[in-house]
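The values are calculated or read from the model by the stated rules, or taken from the named source; none is laboratory data. None of these values were measured; they are calculated from a predicted model. For neighbour counting, all protein chains shown are included, and Cβ atoms are generated from backbone atoms with ideal geometry for every residue, glycine included.
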């Protein structure tokens, strides 16, 4: 029994080391990877290449107008906007057509059915790229709003300055509920277990990551990775495109932003949990990686709190028979405080009220629940319904031939 307790104490000490190291990682990232902001590159006379700005939307009548208006407001000198209506059953297509006529800057395409062997968004983006003429391609999502009229220009300046082929600008998150504010940063932190941005930006490392909310890449890069054809059955096509880019020796980079664009990913507890389960399934992809991630979340995020609660209970009962309980109490308390200070900084970096970090263990627990859901979907044992289309493994339950109209 005592051997088991000493093992538990050793794991708690390990958790303390991990959280202290995360403080150091945050400090290094803030120093070496400052975020993009709207005042950068003001007054630059650099000649910028042409860009095709693409967005696909399925049943996005709530979001698409704000998204497209913010895209059309960009001050970029040589830009075309292509909006793809992906089989929407609502007014998404009509809004695209209206804004195209109103602004004169938006070209609307309409996908009526899904090409066999393709997932929805990937098929829609492929249709858009086929009609794009830009030297660079920039992909965004229908729930994103370009807060700055210079977001595309700043991203392009940064990509050219850094000499990258594929740049992903990470979003500033908008949240409208308690659950979003707690779960979003907690699950983002889980992603960082495997996708540390410092390693992503290091061309000598294999780590690859991108966020589909804003992906800017050279057309030659897009073609070199095989375009959307290479990721046609991936729910998280952004991550797989990033992986392919690194595998082919292309320069990949990610950077955060302060005030260029925002996204509100989900609007309810159920959407948030299901959405992160889909993300974990698509990004981690293997049973080994999902199980290891779940174990690490439990060990480093939840077990210290369990150790603290048990130690306090033993101390209150006065029945300790193991000499290590006093050490367990103080070390677990140290881990919990260190964990909270790390997450306080992390929530603040994500432009969220850092006081929500007090509920981080709750967010981590829900993240663990989402990981369990992702494990269930491996091998087609479960399904994912996203934007009205149901996926099982790497297949769509109902697929048809694609038809595209202008």
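Points worth noting:
- Exclusive hit being closer than 19 Å to residue 40 by Cα and out of contact with any strand residue (DSSP E or B) (no Cβ under 6 Å at 6 or more places or on another chain), set 176, 189, 163: 163
- Condition met for residue 208 (part of a loop (DSSP other than H, G, I, E, B), within 13 Å of residue 251 (Cβ to Cβ), in contact with a strand residue (DSSP E or B) (Cβ under 8 Å, 6 or more places away or on another chain) and in contact (Cβ under 8 Å) with a residue 40 or more places away in the chain): yes
- Residues that are surrounded by 18 or more Cβ atoms within 10 Å (Cβ to Cβ) and over 21 Å from the mean Cα position of the chain (by Cα) within region 49-58 comprise 51, 52, listed in sequence order.
- Of all residues in region 219-241, those that are touching a strand residue (DSSP E or B) at 6+ places or on another chain (Cβ under 8 Å) and over 14 Å from residue 209 (Cβ atoms) total 5.
- Out of 311, 301, 323, one residue alone is farther than 27 Å from residue 195 by Cβ and modelled with pLDDT of 85 or more. It is 311.
- Residues that are in contact with a strand residue (DSSP E or B) (Cβ under 8 Å, 6 or more places away or on another chain) and surrounded by fewer than 22 Cβ atoms within 10 Å (Cβ to Cβ), drawn from region 275-300: 278
- Complete set of residues in region 346-361 that are surrounded by fewer than 16 Cβ atoms within 10 Å (Cβ to Cβ) and touching a residue at least 40 places away in the same chain (Cβ under 8 Å): 353
- Flag if residue 272 is out of contact with any helix residue (DSSP H, G or I) (no Cβ under 9 Å at 6 or more places or on another chain) and either at pLDDT 95 or above or closer than 30 Å to residue 148 by Cα (or both): no
- Residue in region 71-92 that is closer than 18 Å to residue 125 by Cα, without any contact (Cβ under 8 Å) to a residue 24 or more places away in the chain and more than 23 Å from the chain's Cα centre (by Cα) present: no
- The conditions of being touching a strand residue (DSSP E or B) at 6+ places or on another chain (Cβ under 9 Å) and in contact (Cβ under 8 Å) with a residue 12 or more places away in the chain are not met by residue 244.
- Residue check for residue 65: without any contact (Cβ under 8 Å) to a residue 60 or more places away in the chain and either part of a helix (DSSP H, G or I) or in contact with a helix residue (DSSP H, G or I) (Cβ under 8 Å, 6 or more places away or on another chain) (or both): yes
- Count of region 103-122 residues which are modelled with pLDDT of 95 or more and out of contact with any helix residue (DSSP H, G or I) (no Cβ under 7 Å at 6 or more places or on another chain): 0
- Answer from 343, 296, 328 - the residue that is over 27 Å from residue 27 (Cα atoms) and in a helix (DSSP H, G or I): 328
- Tally of residues being farther than 12 Å from residue 299 by Cα and either in contact with a helix residue (DSSP H, G or I) (Cβ under 8 Å, 6 or more places away or on another chain) or outside any helix (DSSP H, G or I) (or both) across region 6-46: 23
- Every residue from region 68-79 that is surrounded by fewer than 17 Cβ atoms within 10 Å (Cβ to Cβ) and not in a helix (DSSP H, G or I): 73, 75, 77, 78
- Unmet criterion (only one of (1) surrounded by 17 or more Cβ atoms within 10 Å (Cβ to Cβ); (2) free of Cβ contacts under 8 Å to residues at least 40 places away in the same chain) for residue 22: (2)
- Flag set for residue 348, criterion: at pLDDT below 90, assigned to a helix (DSSP H, G or I) and within 25 Å of residue 265 (Cβ to Cβ).
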